[in-house]
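Contents: one structure, followed by commentary.
The values are calculated or read from the model by the stated rules, or taken from the named source; none is laboratory data. What you are looking at is a predicted structure, and each value in this text was computed from that prediction instead of being measured. Note that each Cβ is placed from the backbone with ideal geometry, even for glycine, and that neighbours are counted across all protein chains shown. Accessible surface is based on the protein model in full, side chains and every heavy atom, while ligands, DNA and RNA are left aside. Shrake-Rupley method; radii C 1.70, N 1.55, O 1.52, S 1.80 Å.
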Amino acid sequence: MRHRKLTALAALAVIFAGAQPAHAASNLVDGSITAAGAVCSWTNGRTSANPPRTLTIDRASINPPGGNLRCGDGTAVTLNNSPTVTFNDSNATGTADAVDVSVSLIGITCRYRVSNAVFTRQGTTRDYVGGPYTASRVSGFLCPSTTTIDQARLSFR
């Protein structure tokens, strides 16, 4: 009888040690960017860690074919870098070192970059909102020298 109890307790210990709480992060990020009335979004982007640890967002998991970054108006967007995000929980902020995107519409491709984009955490969640940001042109002769990103959202899980 004692052996059965020990076996049951050992099994419970293994189950609880291996189980993750429902609120635990899974190194994923969903996001959206709104600019000039257009909304581009993605789900299930991979990250190298969970907040509040510094992490990198994997651009290959955002961009198609590995990811599902899409815009509602037919604009094609590509994330050119894998942003590193640092967190300051005492200030309820996250900061992306750089976000570099290419935007293609009607045959014209413009590349823009925002450096040190700060996001504010929403309550006690791992949802962050930032903007507006002024993005500077990296390339695209016919493109404006700057553009405004009205809002960006990141939801880590």
Only residues that are over 12 Å from the mean Cα position of the chain (by Cα) and either among the hydrophobic types (A, V, I, L, M, F, W, C) or under 18 Å from Arg111 (Cβ atoms) (or both): list them for the range 65-80, please. Cys71, Thr75, Ala76, Val77, Thr78, Asn80
Going through Ser82, Ser90, Ser61 one at a time, which residue ends up being under 26 Å from Gln122 (Cα atoms), free of Cβ contacts under 8 Å to residues at least 60 places away in the same chain, touching a Lys or Arg at 6+ places or on another chain (Cβ under 7 Å) and open to solvent by 30 Å² or more (accessible area, probe 1.4 Å)? Ser82
For the range 126-148, check the following and say yes or no: at least one residue is in contact (Cβ under 8 Å) with a residue 40 or more places away in the chain and in contact with a Cys (Cβ under 8 Å, 6 or more places away or on another chain). yes
Hits in the range 42-58 - residues which are among the charged types (D, E, K, R) and either touching a residue at least 40 places away in the same chain (Cβ under 8 Å) or surrounded by fewer than 16 Cβ atoms within 10 Å (Cβ to Cβ) (or both): Arg53
